[in-house]
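Notes follow once the structure below has been shown.
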């Protein structure tokens, strides 16, 4: 099993070997109150920007974990195919402008229920189309990225009913690692 297997975290070291490795990231970064942002319904291979934060901006504070529910986890088992344009690799992704707003708000853990926080190249793209721009924005400020989450739609349902969300994305401790598989758990607590 590799460091990028299944639901996993990327340490800043994943994109820049001068940045912190997984075992150098404070453990509290991987747990805390969370805000789940509903971006389901975005078309394949589209970027979403700061406008998606309109309803949650007042909740973006240091220590909060921000998760993007694209609904793309439903495509997990679809292989890339010209007959399946909605396959798992054609997921939407957050823009660098959005990532910058999160970093500026003190957010240091960002997750998504898709393969990556960056665009996954189409097989027909030239090699120059590959970019980890959103990874870099988050990593350069010590941000942790959680990818391949599942079930965020259920967490959104609880959040819509006013329940508070707490998230735990505890990685396997891999000394010197660029990331690791995680067991991701969301705890919903009723305000009543």
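The values are calculated or read from the model by the stated rules, or taken from the named source; none is laboratory data. As the structure is a prediction and not an experimental result, all values here were calculated from the model. Glycine also receives a Cβ, built like all others from the backbone with ideal geometry; neighbour counts cover every protein chain displayed.
Each row is one residue, and each column tells you yes or no for (1) under 18 Å from residue 25 (Cα atoms); (2) in contact with a helix residue (DSSP H, G or I) (Cβ under 7 Å, 6 or more places away or on another chain); (3) loosely packed, with under 13 Cβ neighbours inside 10 Å.
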{"site": "117", "(1), (2), (3)": "no, yes, no"}
{"site": "126", "(1), (2), (3)": "no, no, yes"}
{"site": "161", "(1), (2), (3)": "no, no, yes"}
{"site": "164", "(1), (2), (3)": "no, no, no"}
{"site": "171", "(1), (2), (3)": "yes, yes, no"}
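The set of residues in region 136-154 that are modelled with pLDDT of 95 or more and either touching a strand residue (DSSP E or B) at 6+ places or on another chain (Cβ under 7 Å) or part of a strand (DSSP E or B) (or both) comprises 138, 144, 145, 146, 147, 148, 149, 152. Here residue 99 does not qualify as modelled with pLDDT under 95, outside any loop (DSSP other than H, G, I, E, B), over 21 Å from residue 180 (Cα atoms) and within 17 Å of the chain's Cα centre (by Cα). Of all residues in region 155-192, which are farther than 26 Å from residue 3 by Cβ, in contact (Cβ under 8 Å) with a residue 24 or more places away in the chain, under 20 Å from the mean Cα position of the chain (by Cα) and not in a strand (DSSP E or B)? Once the filter is applied, which keeps residues that are farther than 26 Å from residue 3 by Cβ, in contact (Cβ under 8 Å) with a residue 24 or more places away in the chain, under 20 Å from the mean Cα position of the chain (by Cα) and not in a strand (DSSP E or B), region 155-192 yields 156, 158, 159. Exactly one residue among 33, 50, 43, 62 is more than 16 Å from the chain's Cα centre (by Cα), closer than 29 Å to residue 162 by Cα, at pLDDT 95 or above and surrounded by fewer than 19 Cβ atoms within 10 Å (Cβ to Cβ), and that residue is 62.
Restricting to region 139-154, and then to whatever is under 20 Å from residue 119 (Cα atoms) and surrounded by fewer than 18 Cβ atoms within 10 Å (Cβ to Cβ), can you tell me which residue is farthest from the chain's Cα centre (by Cα)? Here the answer is 140.
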